1. Which loop GluC sites (Glu not before Pro) in region 86-179, with loop taken from DSSP, have no more than 13 other Cβ atoms within 10 angstrom of their Cβ?
2. If you split all Cα-Cα distances of region 61-158 into 10 Å bins from zero, what percentages do you get per bin, shortest first?
3. Would you check the accessible area of Arg56, probe 1.4 Å, heavy atoms only, in square angstrom rounded to 10?
4. Just need the Rg to Rh number for region 106-162, please, alpha carbons only, Kirkwood Rh.
5. Any idea of Lys44's accessible area? Nearest 10 Å², probe 1.4 Å.
6. Report the rotationally averaged projected area of the chain based on its alpha-carbon convex hull, in square nanometres.
7. Got the relative contact order for the chain handy, in percent, Cα pairs under 8 Å and 6 or more residues apart?
Amino acid sequence: MNIHPTAIISPDAQLGSGVTVGPYAIIEDHTIVGDDCFIDAHVKIARYTTMGPRCRVYYGALVGEEPQDRRRQDGVLSFTEIGSDTVIREYVTIHRSPFEGQKTLIGSDVLLMAFVHVAHDVNIADHVTIANQTALTGHVEIGTGAILSGYIKIHQFCRIGALAMIGANNVLVQDVPPF
């Protein structure tokens, strides 16, 4: 492991082999970071987050934080799960659920480009690409292999089908079928 001396890592966090943690990164308790992950400077991996192997999290990202939801209550145990080989670029925000036992899920081989927001209870399947400044509100589902261009806003509970491609600057308030 290569951990910068200014990083703050909870003794309750589990880091796999070959993990790199940059300056001023924070990894809270009850987290699992898989083998060969890269955590850049000023990243926060919040409690109850599990990250698969070979993930890369870039500068300033916030992963697994409490949701921006009025229903959030102290003491609720909820989770964020991220699959293997996922890339989370600069200043991405990912929030866990406000509901007991629920999860925000991000699959394997997902690319979240800079400033993407993933709200609570979102489910992103494998091989999805989401470009810069896109915002997924609560309970959104993204199907396998979908590609979302930049600056998209997606309303709560919308579903984007597998292999769908969404152009830039769209506001989605209804489901998008696959293909």
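The values are calculated or read from the model by the stated rules, or taken from the named source; none is laboratory data. Predicted model only: the values in this text are computed from it and were never measured. Note that we place each Cβ from the backbone using ideal geometry, even for glycine, and neighbour counts take in every protein chain shown. Please note that ligands, DNA and RNA were not included when accessible areas were found on the heavy atoms of the full protein model with its side chains. Shrake-Rupley method; radii C 1.70, N 1.55, O 1.52, S 1.80 Å.
1. Numbers: sites: Glu90, Glu100, Glu141; in loops: Glu90, Glu100.
Within region 86-179, the qualifying GluC sites (Glu not before Pro) (loop, at most 13 other Cβ atoms within 10 Å) are Glu100.
2. Per 10 Å bin, starting at zero, the Cα-Cα P(r) for region 61-158 comes out as 19, 55, 24, 2 percent.
3. Solvent-accessible area, nearest 10 Å²: 90 Å².
4. Values: Rg = 9.7 Å, Rh = 10.7 Å.
Computed over Cα atoms, the ratio is 0.90.
5. About 50 Å², rounded to the nearest 10.
6. Details: hull surface 35.6 nm².
Quarter of the Cα hull surface area: 8.9 nm².
7. On the way: 640 pairs, mean separation 20.3, N = 179.
Dividing the mean separation by the residue count of the chain yields 11 percent.
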